Each structure stands twice: as C-alpha cells, then as structure tokens.
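A.B. asks: Got a structure for you, written out below as structure tokens; questions coming shortly.
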Amino acid sequence: MSLKISLPDGSKREYPAAVSALQVATDISPRLADAALAAEINGKMSDLSTIIDSDSELIIHTFKTDEGKELYWHSTAHLMAQAVKQLWPDVQVTIGPAIEQGFYYDFDREEAFSDEDLQKIEERMKELSAQDLPYYRKELSRAEAIEMFRGMNEMYKIEILSEIPEDQVISTYTQGDFIDLCRGPHISSSGKIKAVKLLKSSGAYWRGDEKNKMLKRIYGISFPTNKELKEYLNFLEEAAKRDHRKLGKDLDLFSISDEVGAGLVLWHPNGAMIRHLIEAYWKDAHLRNGYKLVYSPHVGRSNLWETSGHLGFYKENMYSKMDVESQDYYIKPMNCPFHLSIYNASHHSYRELPVRLAELGTVYRYERSGVLHGLMRVRGFTQDDAHIICTPDQVSNEVEKLIVFSLDMLKSFGFKEFMIYLSTKPEAAVGEDADWEMATQSLKASLNKLNLDFSVDEGGGAFYGPKIDIKIKDAIGRAWQCTTIQFDFNLPERFDMQYIGADNQAHRPYMIHRAVLGSVERFFATLLEYHGGNLPLWLAPVQMMILPITDAQLDYAKDLQSKLLEEGLRCEVDSRSEKIGYKIRDAELKKIPFMCIVGKREADEGSLTLRRHTQGDLGSMDFATALARIKHEL
C-alpha cells in the first residue's frame, strides 16, 4: 500500500514505502534538496533525515522561510559552542538559541571574550564548517543524559535536565566532538554554514536572574552565502548611523543619567520641543476625532490593582508599594484602571456611547537592567492610551474608524509602508467564545472593507481579546511596532462596567484598548531612526538657523529672526565669531532644515541666501520669497 505526501502547492507524491523527507525534496528538485534545511511534517518541525511512513503533509524549509532561518541560526550556535570548547576546553556551555536576527550562546568563563577571541572562534567555526560535520540526533533516558553530561562536567545541562517533564523525550545532537542537549531539529551538516560573523560579546546572568552567576554571551549571524553576509553587515552599518542613542547625543535631544536612574529619560530642550510637537498634534487629532482627554494620578491604592488583576499577574513588573496612612499604594504600570474608574464614576445610557477616553499618561514598569535600551525600553514612559467603550452593534464602525485614524496619524509623521497583523484567540483566554468570534470577525471585516493586506497570527491574541497590530517599515527594511487595537473581555467584567440599554436594562459594554504611537519614548526613537535624524520640517526643533558672515550683519540677522518668529517659525541666530564655512557645517551636522546666510550684500539689499539641508544652496532671494518657500514645504 502506497503512502501519499501532500505538498504546499496542492500537489501530491506517492511512494510505495516509507521515505525520508530529504528524498522527497530531492525528487521535487535537486536544487530544493541542496537548499533544504528542515522538514515540517504534519505541522511538526523535523530533521531532513526523518522517515515518513504514513500519509502526511510536508513543507520543506529553506533559508527563505522564518522557520528555516531560526533552525539555521540555532545550528550555527551549536557550531560556535563547539569552536569555543575546542579552544577553551574548561569553559562550560549553557544555552544557545536563535534570536530575531542571528543567535547567541552563553558560556561560563571567568574572563570576557575579547575581539581577538571572537576572531579565533570565527576562524575555528570556518574550519569546522569546511569539515562538513553531520548533525546526529540521539534519544536517551534522563539517567543516561545526566551521567553523560556529568562526565563532561557540563553542570548547566544537568540543571536543565532536572527541569524537563518526565514524559518529554530527551535528545542530544552531536557534530564532530561536540554534544549538546537539544530537542532540535537541526540542519544536516555544518557544511551548510557558509558565512559567519561574530558580532559582539557581553555579560548575561544565567536565566536572566541577577542572583545567578554572570555568564559571557557571544552574539553572531550566519548566512548560506558571503553575499548575504556582506549585505547584512552593510545593513548594520546603516543601522548604526541611525541609532537613536547616537542621534540623541549628536542632536542634543535627551540623555539617561546614572545619577537619575537607569531607564529614566531626561529630555533636553531640542528633544522636549519635538516631543511637545508630537503630543500637541496627538491631542489635536484626538479632539477632532471625538475623543475626550483625561488625566490620571501616578499612583493608586492596592485595591485598584487587585481589581484590575495587575497585583495577581503583573506584580513583578510593578515598583514596590508605598505605605500612605496605613494603606498600600503602587506607582501605576498602566492607565487602564483609571479610565475605567472614570467611566464608572457616573451612569451611562446607550445613547451616550461610544465613550472615547484618551490620555498621554506616564507609567512606570520595572524592567531588568539587561533589557534597557535607549528610549526603546525604559522604566518610565508616556503611554499613548485610549479606551473606547461601546455597545456590541457599534464595534465594527469603531474598529474601522480606529484603523483609518491610526494609519492617517502614522502617515502624518512620514511613515509610508505598513505591515498589519490580526491576532486571534490563544489557548488560554477569558470571555465567551461567541464574543471572541464576534470581535475577531469585526476586526477582520474592517480590514477587508478598507482593502488592507494583513497576516493572521493564529493564537497570537492576548488572553483577554483579539487584536490588530500595525508595524511600520523603515528605509532599511526594519519593522517597528506602533499601533495596537486590542479587545478586552476581562476588565469590563472585573470593574463591573455597565450601560443602560434601549430596553432599560443594564448591559455590559465592549471595550477596546488602543495605542497609535505605542509610547512617546519608543515612538520618538522610531521616528528618529526612520528619518535618520532628518525630521520633517514641521517636527524640527529648530527649523531655520540664521548665519551672519561677520558681526557687522548681526543686527540684520536678529531682525530677520524677529520676523520669522512672528510668522511662527522656530529659528535661531548663530552669533559665534566663527567662519561661515564652519557655521554651515555645524548646522548641517545638527540636521537643521534651513539655513539663512546673510553677508554685507544681503544686509544692504534686504535679502538673504537660503540653503536647504541635504539639498544645498537655493540661491539669493527676498524675505517674502524665502518665507513662501518655507511655508509651502510646511
């Protein structure tokens, strides 16, 4: 009796007997077999050597798929650990997963890895790749595994083994002289790893816990071709130029001081101006779209956080409680409970709904020091928060409005390419199935009605409701999370929210969490990196720098400044006794959009020479022409 193998294109292949996944790939195309990294058999990732002995659905993964990349990078992490063990046999290995871009491995070693060490490891990895070592899987009992790793003095592996559930298969993978505890799958051999670059080393606590030993982590990336590696390294170089931490320092926008505290941002005048412009536009847009602005306290009594569930599920991320008149208070990690308390402060009729409450509310969350990253991951940040409370029959219309509103606002900041995801019900969820179905279909219908392309993330919703995520794509291809439109079936129940319907009976409203920008800090960083610091004119903290050639033109320059300020433009005069070439270069480095150069001729004629950042000299013109040129761009 033959077995049938179904392929992603809908075709089927028949075999008279059991067959390996690699053989099927070879039969499809020798080229596919050469690129193949792993097989997905009936939804389960497996090695290419896996034997298929019954009717199955088969997907062959290459480096072009996310699953293929993850497996390739995880296999490279094993190769790196092998190289480290060969160079320093006494080092103990811990874990080495694939990450979003590449991989890392943590090692128990007293000394940090130097740049020279990384070069040695990289060279040894190339040697091991050239040996084309097969990756072998072996299943064994817990006792056998513990005995083996104890003999190898790999105590971290023994700790991991002790926590694996009794009913779970224990497996190891071996390539050459290296054995690692791993459930797999892996690539077939080290020869598939053609191009490797070890990027950096750092410290990392075992299991992310500051109470545990500090390990030495090495990050790396690998590709099937040197061309792909070169392209990636060029990408990293461009990303480094756009790093918001570098731009923040170069443009004097913000700082984070150890004196103040890790993850707490100090906004400098230029950064504060940009933030003010973002927030002013945000408030104006919300008022024009039917939202009511609210403000909430920075702390709340413990009973509020008990009702919301934060003390039960989120306490480890909340700052320690404060005793106020023998009552416990906590600094707020989220704004939601306050907004619901505002809603519950009065009775509501169905005629008043929807109620749209919005706040730029600063919250505080305890993030581990190891994950803090500039403005992207901080401990105190301002959440772009809104909650829409509506009746079930208003849901579809509100969701559609939210999507349009969110995309319009993001486009106003210069973003052009978007990736949209619809996340559905996870296994562990609260709420009725019918509510989940209605909410999910409302989200999907709104996306379809607006003719928007989107991907479905099955089971990727929060436990309290389905959601839409909108990511923006920047100039060098990176995706940044911004907007979230999130249903919540949990908090309306916890806070016993109600409205009186047309039947004069109490009903539970639907609630939608919504954040367009995400947080002001992270959005600010995203905006800086997206534009490479060259912000749109309306967001530039200084839109015009007036550059007198000598002190003799200083009075004329200040007169021009007064006129421009009256027109609502943000401008400054560079009155330093520096040469004009130096002043121009400095203004260019500060990415100031316009420069107004005035010398003796301009002062005598009442004219100016206009210059645009990244474009160069725009020529001599009178004040009215220059003003019209700038206002047209605005």
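A.B. asks: Taking Thr26 as the residue in question, decide whether it is touching a Pro at 6+ places or on another chain (Cβ under 9 Å) and without any contact (Cβ under 8 Å) to a residue 40 or more places away in the chain.
C.D. replies: For Thr26, the condition - touching a Pro at 6+ places or on another chain (Cβ under 9 Å) and without any contact (Cβ under 8 Å) to a residue 40 or more places away in the chain - is not met.
A.B. asks: Among (1) within 19 Å of Ile549 (Cβ to Cβ); (2) surrounded by 12 or more Cβ atoms within 10 Å (Cβ to Cβ); (3) out of contact with any Ser or Thr (no Cβ under 7 Å at 6 or more places or on another chain), where does Ser607 come up short?
C.D. replies: Here Ser607 clears every test but (3).
A.B. asks: Out of all the residues in segment 1-49, which are out of contact with any His (no Cβ under 8 Å at 6 or more places or on another chain), of a type in the set (Asp, Glu) and closer than 30 Å to Glu458 by Cα?
C.D. replies: Hit for segment 1-49 is Asp9, nothing else.
A.B. asks: Hey, which of the helices (runs of 4 or more DSSP H) in segment 261-346, taking only ones fully inside, have at least 2 residues that are under 30 Å from Leu247 (Cα atoms)?
C.D. replies: In segment 261-346, 269-288 are the helices (runs of 4 or more DSSP H) which contain 2 or more residues that are under 30 Å from Leu247 (Cα atoms).
A.B. asks: Answer yes or no as to whether Leu528 is touching a Leu at 6+ places or on another chain (Cβ under 6 Å) and either within 30 Å of Asn344 (Cβ to Cβ) or not in a strand (DSSP E or B) (or both).
C.D. replies: When the stated conditions are applied, Leu528 passes them.
A.B. asks: Can you tell me which condition Phe313 does not meet? The list is (1) under 24 Å from Arg514 (Cα atoms); (2) touching a Gly at 6+ places or on another chain (Cβ under 9 Å); (3) not aliphatic (A, V, I, L, M), and all the others hold.
C.D. replies: (2)
A.B. asks: If you don't mind, another one. Just name the residue that is farthest from Leu199 (Cα to Cα) out of those in segment 107-133 that are part of a loop (DSSP other than H, G, I, E, B) and aliphatic (A, V, I, L, M).
C.D. replies: Leu133
A.B. asks: Quick check on segment 218-253: of everything there that is aromatic (Phe, Trp, Tyr) and modelled with pLDDT under 95, which residue is farthest from Ala77 (Cα to Cα)?
C.D. replies: The qualifying residue farthest from Ala77 (Cα to Cα) is Phe235.
A.B. asks: Hey, another quick one. Being within 26 Å of Gln498 (Cα to Cα) and among the small types (Gly, Ala, Ser) is true for just one of Gly380, Gly361. Which residue is that?
C.D. replies: One residue alone meets the criteria, Gly361.
A.B. asks: Additional query: For Ile121, indicate whether it is within 24 Å of Met45 (Cα to Cα) and modelled with pLDDT of 95 or more.
C.D. replies: Against the criterion (within 24 Å of Met45 (Cα to Cα) and modelled with pLDDT of 95 or more), Ile121 does not qualify.
A.B. asks: Oh, and also: Regarding Ala525, is this residue within 20 Å of Glu100 (Cα to Cα), small (Gly, Ala, Ser) and touching a helix residue (DSSP H, G or I) at 6+ places or on another chain (Cβ under 6 Å)?
C.D. replies: Yes, satisfied.
A.B. asks: From the list Leu287, Leu236, Leu277, which residue is within 19 Å of Gly533 (Cα to Cα), in contact with a Leu (Cβ under 9 Å, 6 or more places away or on another chain) and without any contact (Cβ under 8 Å) to a residue 40 or more places away in the chain?
C.D. replies: Leu236
A.B. asks: To continue, here is another question. Count, please, the residues in segment 549-563 that happen to be under 15 Å from Phe594 (Cβ atoms) and crowded, with 19+ Cβ neighbours inside 10 Å.
C.D. replies: The total comes to 2.
A.B. asks: Let me spell it out: the conditions are (1) surrounded by fewer than 18 Cβ atoms within 10 Å (Cβ to Cβ); (2) under 30 Å from Lys241 (Cα atoms); (3) touching a Lys or Arg at 6+ places or on another chain (Cβ under 7 Å), and Ile580 meets all of them except one. Which number is the exception?
C.D. replies: Of (1) surrounded by fewer than 18 Cβ atoms within 10 Å (Cβ to Cβ); (2) under 30 Å from Lys241 (Cα atoms); (3) touching a Lys or Arg at 6+ places or on another chain (Cβ under 7 Å), only one is false for Ile580: (3).
A.B. asks: Return the only residue of Asp586, Asp617 being out of contact with any Asp or Glu (no Cβ under 8 Å at 6 or more places or on another chain) and either without any contact (Cβ under 8 Å) to a residue 24 or more places away in the chain or surrounded by fewer than 17 Cβ atoms within 10 Å (Cβ to Cβ) (or both).
C.D. replies: Unique residue meeting the criteria: Asp617.
A.B. asks: Is one or more of the residues making up segment 75-86 touching a residue at least 40 places away in the same chain (Cβ under 8 Å) and in contact with a Cys (Cβ under 8 Å, 6 or more places away or on another chain)?
C.D. replies: For segment 75-86, residues touching a residue at least 40 places away in the same chain (Cβ under 8 Å) and in contact with a Cys (Cβ under 8 Å, 6 or more places away or on another chain): present.
The values are calculated or read from the model by the stated rules, or taken from the named source; none is laboratory data. Note that the coordinates shown come from a computational prediction; the quantities given were computed from them, not determined experimentally. FYI the Cβ positions are ideal-geometry reconstructions off the backbone, even for glycines, and counts take in every protein chain you see.
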